[in-house]
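Structure first, then comments.
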Amino acid sequence: MMAAPRTLYEKIWDDHVIRSRDDGIDLIWIDRHLVHEVSSPQAFESLRMAGRNVRRGDLTLAIADHNVPTENRHLPIADVHSAKQVALLEQNAAEFGIGHLGMTHPDQGIVHVVGPERGFTLPGLTLVCGDSHTATHGALGALAFGIGTSEIEHVLATQSLWLRRSKTLRVELTGTLAPGVSAKDIALALIGLIGANGGTGHVIEFVGPAVARLSVEARMTLCNMAIEAGARSGLIAPDDVTIAYVASRPEAPTGESWHKAVAYWRSLASDPGCHYDRSVAIDVGSLAPIVSWGVSPEQVIPIDGCIPDVDNLDDPSDAEAARRALDYMALRPDAPIEGLPIENVFIGSCTNSRIEDLRAAAQIAEGRKVAANVRQALVVPGSAAVRRQAEAEGLDRIFIEAGFSWREPGCSMCVGLNPDKVPPGERCASTSNRNFIGRQGPGARTHLLSPAMAAAAAVTGRLVDVRRMVN
Amino acid sequence: MRPFTTLTGIAIPLGQANIDTDIIMPARWLKHVTRSGLGIGAFEALRADPANIFDSPRNKGAPILIAGRNFGCGSSREHACWALADLGVRCIIAPDFADIFAGNAVKNGILLVELPEAAIAQLLRAAASEEITVDLHAQTVTSASVAPQSFNIDPFRRKCLLEGLDDIDLTLAEADYIDMFEAKRAETRPWAEIQARQ
Ligand code: SF4
């Protein structure tokens, strides 16, 4: 008898079930665990209090990223609480026998950038981190999802989690992206389409010819934002592009082991005729660059569109939310979004801080100058390795000559935990992933967009359609 | 973990869709390295308004919160749950919740009740003048003017809440199964071990 056709998600899941219970909950083996300084202190503290050990420290990697300053790294961290968290991570890693990349390590960076680039993240693995953007790693075909601190403790102690299988949402991408339109725009368009809770309870698998054409970096941008649609994981089946990316990463398998791995990875693609709980399709060829106007990543419009007229929204709770958002963002309904002046630009975060993102931004910045009304324009590579690569390509010169600030790797202005913040009441064109109230600092007004769009905003001082600036 | 069975008390009528984890627990509070005392930072921006619904004499310390769809969306920060628990919240009623938040809540003894928008609207109205009763055994929410509303809950989460289970102990009791899986994995997927770390 032929086995029933299975999805990529089901295949990875099935291969990680330690034990199934009658109530539908499975104990799932966790192959990789990334740990950062913000969500982990209480987990280590609990282990210590209960006298428990870390089961597989070798499968665990700790990296400081959220609190690290992005300049003057030779100096001690000025904020005492940040300094304490970063130091505590190092102590906990040493005490429990976990690999650790501290602030000054030559491979430090954002957990979700460092994992894939070191080959710590591999296709077909389960990977968790106390961080919702763990979805990023699904771009390599790893089942990766964010967990809370209690779950971090559980994984440290047992290398497993009790989980119920999620539903599956198939997102099919067809068509060819227009110049100036990128994976970030696809992600924002998808969230706009299905809503910030459209993927709740589901794992999103991205399929289709437009996905096959995306680089692994672009796929990471796409999977990174799956959580903003409410999905705990995004997934893309490993293909030649993935395998070429993984080959020769420092922690990737070699020799006989590599060949075994590749054969396994190639078997993971969803079978023809497999079942998904839901499906949506997007023709990416029809997309314009997308910008968020509100305080939820579902509140997005094309750059050539108008801010919604709240009185015309069908759902009263959406209208209420929209009114509140417009108020916070100081925007008028029905006005065009293009031309809106911005004072801050942030190119970085685990969504858009990889080498391709920096290349796309540099292409727009080259030979231009940051506009006079822009008070800070940061370019923050996602990792020290990305930074070295960008410098080898001369991208740092392009940014510095244009008037951007070229920084050391970290979460930076994505999250108000380090010195990089957007001042209250000011706007920021940001390549990060969340436009929540106060996310980039109390009172900050965030407009999410792609790296090319952020660079275009920097050099014009306003939100503009980057399609007019690419050739 | 403190078990949850039934609860009767004041409900804070928050409403609002997409209450994200940055609203519940702003980033600066994430610098704490302990679980305790975070209630003070909960809903900080909303509570900057002296007339806010959390600190009114009637609502202060209320055990129930009623909210709109997609409550707890955003980050995985369990600090959001620690802060809610520290405020005194033991049950949140909303049309739906973000997945990671829902996992964290149960670990902290907070019951999440999903009800349709229409029932939420009724409860929001009732909350102004009546106490709300949540019964996890019967899986119902009710008040003097609102007929019992049944809700569904994952049976495992229900059991954990009713019994106040610590699931690490539960899992450590499965150590033989984990050992067996681990040994098999080393054989069938040797490449999944860490190869080298420079
Ligand atoms: S860059 Fe932003 S979203 Fe990504 S891990 Fe850091 S804080 Fe989280």
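Ranked by the mean number of other Cβ atoms within 10 Å of their residues, highest first, the peptides A:428-435, A:454-461, A:382-389 fall in the order A:428-435, A:454-461, A:382-389. The alpha carbons of region A:8-164 occupy a box of 54, 36, 22 Å along the principal axes, longest dimension given first.
Run lengths n ≥ 4 of DSSP H only: what is the helix-derived mean residue ellipticity at 222 nm for chain A, with -39500 (n - 2.57) per run over all residues, to the nearest 500?
Details: 15 runs with 148 residues, N = 471.
The per-residue figure over chain A is -9000 deg cm²/dmol.
Can you tell me which lysines have their Cα less than 22 Å from the Cα of residue A:260? Leave out same-chain residues fewer than eight positions away. Those lysines meeting the cut-off are A:11, B:184. For residue A:6, the amide hydrogen comes within under 5 Å of the amide hydrogens of A:271, counting only partners 5 or more places away or on other chains and with H modelled in the peptide plane.
The mean count of C-beta atoms from other chains within 10 Å of the C-beta of residues in B:156-166, rounded to a whole number, is 1. Going by neighbour counts of Cβ atoms within 10 Å, the residues B:65, A:326 line up, fewest first, as A:326, B:65. Cross-link partners of residue A:184 among aspartates and glutamates, defined as those whose alpha carbon lies under 15 angstrom from its own and excluding same-chain residues fewer than eight positions apart: A:217, A:228, A:283, A:298, A:356, A:357, A:465. For residue B:107, a cut-off of 27 angstrom between C-alpha atoms picks up these lysines, skipping any fewer than 8 places away in its own chain: A:84, A:167, B:31, B:60, B:159.
Mind running the shape call on region A:290-468? Use the C-alpha gyration tensor, a ≥ b ≥ c as the square roots of the eigenvalues: rounded below 1.5 for a/c, prolate if a/b tops b/c, oblate otherwise.
Values: a/c = 2.16, a/b = 1.74, b/c = 1.24.
Prolate.
Considering only region A:8-164, what is the antiparallel percent among its DSSP beta bridges, to the nearest 5? List each step's numbers first, then the result.
On the way: 8 of 21 bridges.
Percentage antiparallel, nearest 5: 40.
Classification of region A:78-232 by its C-alpha gyration tensor yields a prolate form. The axis ratio a/c (a ≥ b ≥ c) is 1.5 or more, and a/b outweighs b/c.
Under the definition of partner shielding as Cβ atoms of other protein chains within 10 Å of a residue Cβ, what is the mean value for peptide B:88-99?
What the average comes to for B:88-99 is 3.
Across all directions, the average projected area of the convex hull around the alpha carbons of region B:156-196 is 4.2 nm².
Rounded if a/c is under 1.5, else prolate if a/b is larger than b/c, else oblate: which is the protein assembly as shown, with a ≥ b ≥ c the root eigenvalues of its Cα gyration tensor? Taking the square roots of the gyration eigenvalues as a ≥ b ≥ c, the protein assembly as shown is rounded. If both residues of a DSSP beta bridge must be in the protein assembly as shown, then about 30% of such bridges are antiparallel. Relative to its residue count, region A:4-66 spans a Cα convex hull of 146 Å³ per residue.
Each residue of region A:192-197 was assigned a 3J(HN,Hα) from its phi angle through the Karplus expression (A = 6.51, B = -1.76, C = 1.60, θ = phi - 60°), giving x, 6, 9, x, 5, 10 Hz with x at Gly and Pro.
In units of 2.2 N^0.38 Å, what is the alpha-carbon radius of gyration of region B:6-164? Don't skip to the end; give the middle numbers.
Working: Rg = 14.5 Å, N = 159, 2.2 N^0.38 = 15.1 Å.
Computed over Cα atoms of region B:6-164, the ratio equals 0.96.
Sorted from longest to shortest, the spans of the Cα atoms of region A:337-401 along the three principal axes equal 34, 25, 18 Å. Amide H to amide H distances under 5 Å link residue B:15 with B:66, B:67, B:68, where only residues 5 or more positions off or on other chains count and H is placed in the peptide plane.
The antiparallel fraction among DSSP beta bridges confined to region A:277-436 stands at about 30%.
Readers should treat all values here as calculations from the given coordinates under stated rules, not as data from a laboratory. Computed from a prediction, not measured in an experiment: that's the story for all the values here. A quick note on method: Cβ atoms are made from the backbone with ideal geometry, for glycine too, and the neighbour counts reach across all protein chains shown.
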